[in-house]
Amino acid sequence: MDIEDLRGEIIKILGLHQALSDIVDILSDSLEENNQNSSMVQYNLKYAWC
């Protein structure tokens, strides 16, 4: 394996890392949104329908 092959592998790894990082960010945002929605539903069940 020469230096160009290593360079190509590093670029692939960095691209994969960025893609995985983006996925984690999206999932984190989705989880936060779901938690907020859950809190609103719990509030409505507790106070709005009593």
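We did not get these values from a lab; they are worked out from the coordinates using the rules stated. Please read these numbers as outputs of a predicted model, since none were measured by experiment. Quick reminder, even Gly has a Cβ in these numbers, built from the backbone with ideal geometry, and neighbours come from all protein chains shown.
Quick one: helix 3-43 against the long Cα principal axis of the chain, what's the angle to the nearest 10°, folded into 0 to 90?
Once rounded, one gets 0 degrees.
At 222 nm, what helix-only mean residue ellipticity would the chain give, in deg cm²/dmol to the nearest 500, using -39500 (n - 2.57) for each DSSP H run of four or more?
-30500 deg cm²/dmol
State to the nearest 20 debye the size of the charge dipole of the chain about its Cα centre, where the only charges are +1 on K and R beta carbons and -1 on D and E beta carbons.
I would put it at about 440 debye.
Using Stokes-Einstein with the Kirkwood hydrodynamic radius over Cα pairs, what translational diffusion coefficient do you get for the chain at 4 °C and a viscosity of 1.567 mPa s, in µm²/s rounded to a whole number?
Approximately 92 µm²/s, per Stokes-Einstein.
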